[in-house]
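One structure below.
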Amino acid sequence: MTYRPGGRVGRETHLVLLVLCVGCGATSAPPPTGTGDLTVSATTTGSNLDPDGYTVTIDGGASQAIGIAGSVTFAALGAGSHSVQLTGVAANCTVSGSNPQTVSVPAGGTAQVSWAVSCAAEAVLYTQQFTGSDGSDWPAPWAPIGGFIPVHDIQGNRGRFSSATGHIGRMLLGGFSQRDVDARWVFSYEDPGNQGAGIYVRQDGQYVGNGYALFLEGVSAGGPYLGVWRGVNGVETRFAFVQGPVPFTAGTTYHFRFQVVQLTATSTQLRGKVWPDGTAEPIAWTIEATDGTAVLQNVAGTLAFDDVNYAGMSHVFVDSLRVIAP
């Protein structure tokens, strides 16, 4: 209230508070309720198609295998938005479009997602079938090194070799030099309970030397073990392993896959898998590891097969080897 001289005339000021209600009377849309299905399909074109297919993953969780020209359905997903990703695609193949994709699954309905995959010819670095007349030597330029191989010949269109008891028998591929490889080896054991066998990459050509190896052995307690090893100046160290990835029996033909890739200037990725002949190649890697041992980084090397007999002098039989660029 204010006053004027000579009188008492009052002037009152009132404050009116206005309250604005944003959205009053309106109702926001509720989130989707219920469940729906999602069907995912894939098509693949080109050459050297990925034989083991792919993996479809929903929201980083639930996964299903899908063929190179197939479809899978995820049932009873919560209605609403989901992230769908295609993985397990071979290095020579490319996924067209967005990956992952975002899709809205309708309640009581089915959403569709599709991918087109194109594959280029693989870059084959080396391939060998170990065929020949019985008793003949391994195809050149394969040769034994180290002096602990009493037998190396062809038998039944397979390369046969063994090691002296308690020693490593090593067959070396001459004239080969690569840093990054994806090697596929097919072989079998004569006495797996007393043997170990594996494949070396980035091998420096020496018996007492350097390299990385994927090795499957059954003699250790609790075995068999599939292990990733590094050799530095002849000292071999197993730095990653998994237990019992496959049944370990005499006469079973095994498929080995060993992929070695230089990730950075100081780190190498090593991945391996093993599966019995007559079964599909697993989609997932059996073992994965990284290593930063300085002497093994950014170096090219050759390939070698190793056999160890912990008792006796049993043989390893080699069917084939195929090496591609990863």
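The values are calculated or read from the model by the stated rules, or taken from the named source; none is laboratory data. The shown structure was predicted, so the numbers you read here are calculated from the model rather than taken from an experiment. As a convention, Cβ positions derive from the backbone with ideal geometry for all residues, glycine included, and neighbour counts pool all protein chains shown.
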Have a look at P100, P141 and point out the one that is closer than 26 Å to V261 by Cα and surrounded by fewer than 13 Cβ atoms within 10 Å (Cβ to Cβ). P141
Can you pull out every residue in the stretch 134-145 that is touching a strand residue (DSSP E or B) at 6+ places or on another chain (Cβ under 7 Å) and small (G, A, S)? G135, S136, A143
Out of the stretch 82-97, which residues are in contact (Cβ under 8 Å) with a residue 24 or more places away in the chain, farther than 29 Å from F258 by Cα and either surrounded by fewer than 18 Cβ atoms within 10 Å (Cβ to Cβ) or among the aromatic types (F, W, Y) (or both)? S83
Tell me which residues, restricted to the stretch 183-213, are surrounded by fewer than 22 Cβ atoms within 10 Å (Cβ to Cβ) and part of a strand (DSSP E or B). R184, V186, S188
Does any residue of the stretch 183-198 turn out to be within 30 Å of the chain's Cα centre (by Cα) and β-branched (V, I, T)? yes
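Of everything in the stretch 163-182, what is assigned to a strand (DSSP E or B) and basic (K, R)? Give them in sequence order. Let's see the steps before the verdict.
The first filter runs over the stretch 163-182 and keeps only residues assigned to a strand (DSSP E or B), leaving 165, 168-173, 178, 181-182.
Once the filter is applied, which keeps residues that are assigned to a strand (DSSP E or B) and basic (K, R), the stretch 163-182 yields only R170.
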For the stretch 154-165, check the following and say yes or no: at least one residue is without any contact (Cβ under 8 Å) to a residue 60 or more places away in the chain and buried (at least 17 other Cβ atoms within 10 Å of the Cβ). yes
Out of curiosity, is W115 surrounded by 16 or more Cβ atoms within 10 Å (Cβ to Cβ), of a type in the set (F, W, Y) and within 30 Å of the chain's Cα centre (by Cα)? yes
Pairs only if they're at least six apart or on different chains, beta carbon under 9 angstrom, first in the stretch 47-60 and over 16 Å from T73 (Cβ atoms), second at pLDDT 90 or above and basic (K, R); list them, first residue then second. none
From the options G78, G70, G34, residue that is small (G, A, S) and either under 27 Å from A325 (Cβ atoms) or under 22 Å from the mean Cα position of the chain (by Cα) (or both): G70
Count of the stretch 118-172 residues which are within 29 Å of the chain's Cα centre (by Cα), under 25 Å from G211 (Cβ atoms) and small (G, A, S): 3
Checking F248 against (1) in a loop (DSSP other than H, G, I, E, B); (2) surrounded by fewer than 16 Cβ atoms within 10 Å (Cβ to Cβ); (3) not acidic (D, E), which test does it fail? (2)
Looking at the stretch 246-298 only, could you name the residues that are touching a Gly at 6+ places or on another chain (Cβ under 6 Å) and either more than 19 Å from G88 (Cβ to Cβ) or not assigned by TED's automatic domain parsing to the domain that holds E236 (or both)? F248, T266, S267
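Could we say that A107 is within 20 Å of D52 (Cβ to Cβ), outside any strand (DSSP E or B) and not basic (K, R) here?
Values: within 20 Å of D52 (Cβ to Cβ): no; outside any strand (DSSP E or B): yes; not basic (K, R): yes.
No.
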Across the stretch 214-238, the tally of residues that are within 15 Å of G198 (Cα to Cα) and in a strand (DSSP E or B) stands at 14
